[in-house]
1. Taking the range 80-110 on its own, how many of its residues are in contact with a Ser or Thr (Cβ under 7 Å, 6 or more places away or on another chain) and open to solvent by less than 70 Å² (accessible area, probe 1.4 Å)?
2. Are there any pairs, at least 6 apart or on different chains, whose C-beta atoms fall under 9 Å, with the first in the range 26-43 and within 17 Å of Gln10 (Cβ to Cβ) and the second assigned to a helix (DSSP H, G or I) and acidic (Asp, Glu), and if so, which?
3. Report the residue count in the range 6-51 for those that are within 21 Å of Tyr80 (Cβ to Cβ) and part of a loop (DSSP other than H, G, I, E, B).
4. Based on what the data block shows, is Gly77 closer than 17 Å to Leu15 by Cα and either in contact with a strand residue (DSSP E or B) (Cβ under 6 Å, 6 or more places away or on another chain) or surrounded by fewer than 10 Cβ atoms within 10 Å (Cβ to Cβ) (or both)?
5. Based on this model, can you work out whether Leu114 counts as part of a helix (DSSP H, G or I) and either touching a residue at least 60 places away in the same chain (Cβ under 8 Å) or buried (at least 18 other Cβ atoms within 10 Å of the Cβ) (or both)?
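The values are calculated or read from the model by the stated rules, or taken from the named source; none is laboratory data. All values derive from a computational prediction rather than experimental measurement. Cβ atoms come from the backbone with ideal geometry, glycine included; neighbour counts cover every protein chain shown. Heavy atoms of the whole protein, side chains included, go into the accessibility calculation; ligands, DNA and RNA do not. Shrake-Rupley method; radii C 1.70, N 1.55, O 1.52, S 1.80 Å.
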Amino acid sequence: MVVPLAGDRQATARLLDAVISVSRELRLREALHRIVGYACELVDARDGFYQAIEETTGPPKEPFLGVPLRIQDDVIGTVYVTDKIGGGGFTPDDVANLNALATAARIAVENARLYERSRQRERWLQASNEIQRSDRKSVV
């Protein structure tokens, strides 16, 4: 999927910095925190938050902009930004930049999930090995 970048070179450089930084984070909570922070920075919003698909909170204050975070074809949540600095609404460039970030965020979130699963497997294997060792000791 090709997402057009909008805005000037400085905005594009900020977006690329955000993509690189977000993609390095392997912990899901921290990755989502970074995604929201960069979303606010990219569109000059004072506030932002992530809402998981199963959460039900009140609607964000106006004006707001929200983009879905997808893993493959499933929407896992939405990143919202609100309260544009300087007033006014969000621009088409803001929408394009936030969509580009959401596309990159998809990869970061999936990587964080895979990392968490591998850590969980590692803990299970370690616990299983410890149980086997203690069983061997009790037999001897």
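1. Going through the range 80-110 one residue at a time, the tally reaches 2.
2. Every condition considered, the pairs that remain are Tyr38/Asp17; Leu42/Asp94; Val43/Asp93; Val43/Asp94.
3. Restricting attention to the range 6-51, the residues satisfying the condition of being within 21 Å of Tyr80 (Cβ to Cβ) are 6-7, 11, 14-15, 18-19, 21-22, 25, 28-51.
The next check asks that each one be part of a loop (DSSP other than H, G, I, E, B); those that pass are 6-7, 25, 44.
Selection size over the range 6-51: 4.
4. Working: closer than 17 Å to Leu15 by Cα: no; either in contact with a strand residue (DSSP E or B) (Cβ under 6 Å, 6 or more places away or on another chain) or surrounded by fewer than 10 Cβ atoms within 10 Å (Cβ to Cβ) (or both): yes.
Answer is no for this residue.
5. Values: part of a helix (DSSP H, G or I): yes; either touching a residue at least 60 places away in the same chain (Cβ under 8 Å) or buried (at least 18 other Cβ atoms within 10 Å of the Cβ) (or both): no.
Answer is no for this residue.
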